[in-house]
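**Q** The following block contains the structure, expressed as structure tokens.
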Amino acid sequence: MSFNILQDIFFALIMIGIMILIHELGHYWAARFFDVKVDTFSFGFGPRLFGFKKGETDFRFSAILLGGYVKMVGEQAGDEQANDPRSFLSKPRWQRLIIVFAGPAMNIILAVAVLTGLFMVRFPKIPSSPSPEIGYIVPDSAAAKAGLHEGDRIVQIGDSVNPTWEDIAMKESASAGHTLSVWIVRNGERQFVPVTPALDPKSGTGFAGWGEQNEIEIGSVSAGSPAAKAGLKAGDIFVSVDGEPIHSNKVHEIINRQAGKTVNVVVTRNGKSIATPLTPTMSDNKGVKEWMIGVSLQPKVELVSLPFPQALAESVHQNAKNATFIYQFLRGLAERRMSPKSLAGPIKIVQMSGEEAREGPMAYFWLMAGLSLNLAVVNLLPIPILDGATIFMLIVEMFMRRDLSLRVKEAAFRLGFVFLMAVVAFVLYNDISKLAG
């Protein structure tokens, strides 16, 4: 087993451990607040490995470190202690609902707190413009077929007026096979252009084939890549590739067009121009073989430190947008507009954890915030076994003013267990097939 794989596992266990701990602490603190007796607080499932007892609760580490749970007295009808006044089922439904919701809520709080801290250290501020200008159109893409041109300014997409490129990217990603209503300004004239993003086989999301007009800088350089060997660094700004000026994210398209031939790259660093030849190598890009030089690209950003109130507001805004995108993506999966192949399973998450940790703490904590939010959103889905199903059943019982039958609950949870095991099996197969190419 290579050192990198051991690193990946180590950093993944830390990240997942923090998210599980925060989630279960939510349930535990809410249960204690409403005086529900908690027998066990377990990190992991299966046989107890070690731990300690504090008060009436056994805090333990268990053999299978792929989750955790809080065991409260009288959680299920038929439990011996279900009639105990301190049992979970003896509490009013609204209190039980808060106890169940507290777990996902803590994951949302974690995501907001992490991004707030990151934005107080370094917030990527993209230079604002009245509305985004298209800097590049991919040939034969949805944008090209719709008749869009380089230089068109997007003034509205769907219900978003004067959108940012982040707004456009989220709408595009969530709209594979769905027509987007796009309004542009060309030569001073406002025009309506319907655009239907195609399904991108690499990402499993919508792809319209447009790029923003902006200076493009290197976000990161892969170790041992052609770019690294040529001395390119994060923060370098692209000027041209093989004589073509770069004002949009079309670097990879130009490189692929050369089919492995050496390209001449010009970048600026601290105001000085640097020219260097690069010979691309064939690499795997999300399951697709492409000619690459080993850089990630991003629009030029200004890094600033935000004061706490502004950092918190930006964090809440960012998490709200990300949660909306997750919901839209899941809806796209249900409508079969999105590819489930883009789902990341435990193997991919382990790999991503190591990669981001090696890139630096900012990238690592950014990934933690995203995964924590994903955990919260998925946990709130009304799928039996998940917290969302329990919340849904409690709301139904509150309206009915009586309990659902035990038979209905047991059948739902058995169905949910089978469904979740099928999802786990699929994402594991998905991860392995990507690793195997």
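**Q** Select from K229, K272, K53 the residue whose mean-square fluctuation is largest in a Gaussian network model of the chain (Cα-Cα springs shorter than 10 Å).
**A** K272
**Q** Moving on to the next point. Once label points are set 7 Å from the Cα along Cα→Cβ at both E397 and T279, what is their separation, rounded to one decimal in nm?
**A** Between E397 and T279, the label points sit 6.9 nm apart.
**Q** Moving on. Hey, if you put +1 on the Cβ of every Lys and Arg and -1 on every Asp and Glu Cβ in the chain, which of G209, T276, L333 ends up farthest toward the positive end of that dipole?
**A** Positive-end residue among those listed: L333.
**Q** With contacts defined as alpha carbon pairs under 8 Å and 6 or more residues apart, what's the relative contact order of the chain in percent?
**A** 17
**Q** Now for a different question. Roll a 1.4 angstrom probe over the protein heavy atoms and tell me the percent of accessible area of the chain that is carbon or sulfur.
**A** Details: 14270 of 23250 Å².
Roughly 61 percent, rounded to a whole number.
**Q** In addition: Using the charge dipole of the chain (Lys, Arg: +1 at Cβ; Asp, Glu: -1 at Cβ; taken about the Cα centre), state which of V304, L394, A111 has its Cα farthest towards the positive end.
**A** The Cα lying farthest towards the positive end belongs to L394.
**Q** When a/c reaches 1.5 or more, the comparison of a/b and b/c decides; with that in mind, is the chain rounded, prolate or oblate per its Cα gyration tensor? Please list the in-between numbers first.
**A** Details: a/c = 2.20, a/b = 1.78, b/c = 1.23.
It is prolate, given that a/c is not under 1.5 and a/b is the larger ratio.
**Q** Long-range amide H contacts for S240: which residues qualify at under 5 Å (H placed 1.01 Å from N, peptide plane, sequence gap of 5 or more or a different chain)?
**A** When sequence neighbours closer than 5 places are left aside, the close amide H contacts are I246, V266.
**Q** So with the 1.4 Å probe, I'd like the accessible area per residue for the chain, rounded to whole Å².
**A** For the chain, the solvent-accessible area averages 53 Å² per residue.
**Q** Accessible surface of W29 in the full protein assembly, 1.4 angstrom probe, to the nearest 10 Å²?
**A** The value for W29 is about 140 Å².
**Q** Working with all protein chains in place, sort K71, K321 by solvent-accessible area computed with a 1.4 Å probe, largest first.
**A** Values: K71 95, K321 30 Å².
Accessible-area ranking of K71, K321, largest first: K71, K321.
**Q** Give me the angle, in degrees from 0 to 90, between the Cα long axis of helix 93-121 and the longest principal axis of the Cα atoms of the chain, rounded to the nearest 10.
**A** 30
**Q** Based on Cβ point charges of +1 for Lys and Arg and -1 for Asp and Glu, what charge dipole magnitude is obtained for the chain about its Cα centre, in debye rounded to the nearest 20? The partial results should precede the final answer.
**A** Numbers: 42 positive and 40 negative charges, 121 e Å.
The dipole magnitude comes to about 580 debye.
**Q** Let me ask you something else. Could you compute the FRET efficiency for L66 and K229, with r as their C-beta to C-beta distance and R0 at 41 Å, rounded to 0.05?
**A** 0.55
**Q** What figure in square angstrom, to the nearest 10, would you give for the accessible area of I18 with a 1.4 Å probe?
**A** Roughly 60 Å² of I18 is accessible to a 1.4 Å probe.
**Q** Starting at the first residue of the range 316-333, write each ³J(HN,Hα) from the Karplus equation 6.51 cos²θ - 1.76 cosθ + 1.60 with θ = phi - 60°, in whole Hz, x for Gly and Pro.
**A** 4, 4, 5, 5, 5, 5, 5, 5, 4, 5, 4, 4, 5, 5, 4, 5, x, 4
**Q** Using θ = phi - 60° and the Karplus relation 6.51 cos²θ - 1.76 cosθ + 1.60, list the HN-Hα couplings for the range 356-364 in order, rounded to whole Hz, with x at every Gly or Pro.
**A** After applying 6.51 cos²θ - 1.76 cosθ + 1.60, I find 5, 5, 5, 6, x, x, 4, 5, 5 Hz.
**Q** Using θ = phi - 60° and the Karplus form 6.51 cos²θ - 1.76 cosθ + 1.60, what ³J(HN,Hα) does each residue of the range 28-45 get, whole Hz, x for Gly and Pro?
**A** Here the 3J(HN,Hα) series is 5, 5, 5, 4, 5, 4, 9, 6, 8, 6, 10, 7, 9, 10, 10, 9, x, 10 Hz.
**Q** At 1.4 Å probe size, put E356, E172 in order of accessible surface, largest to smallest. Before the final figure, lay out each step's value.
**A** Values: E356 50, E172 20 Å².
Reading off the accessible areas and sorting them downward yields E356, E172.
The values are calculated or read from the model by the stated rules, or taken from the named source; none is laboratory data. Source: prediction; values computed, not measured. Positions of Cβ are generated from backbone atoms using ideal geometry, with glycine treated the same way; all protein chains shown enter the neighbour counts. Ligands, DNA and RNA are stripped out before the accessible areas are found, and what is left, the full protein with its side chains, is counted by its heavy atoms. Shrake-Rupley method; radii C 1.70, N 1.55, O 1.52, S 1.80 Å.
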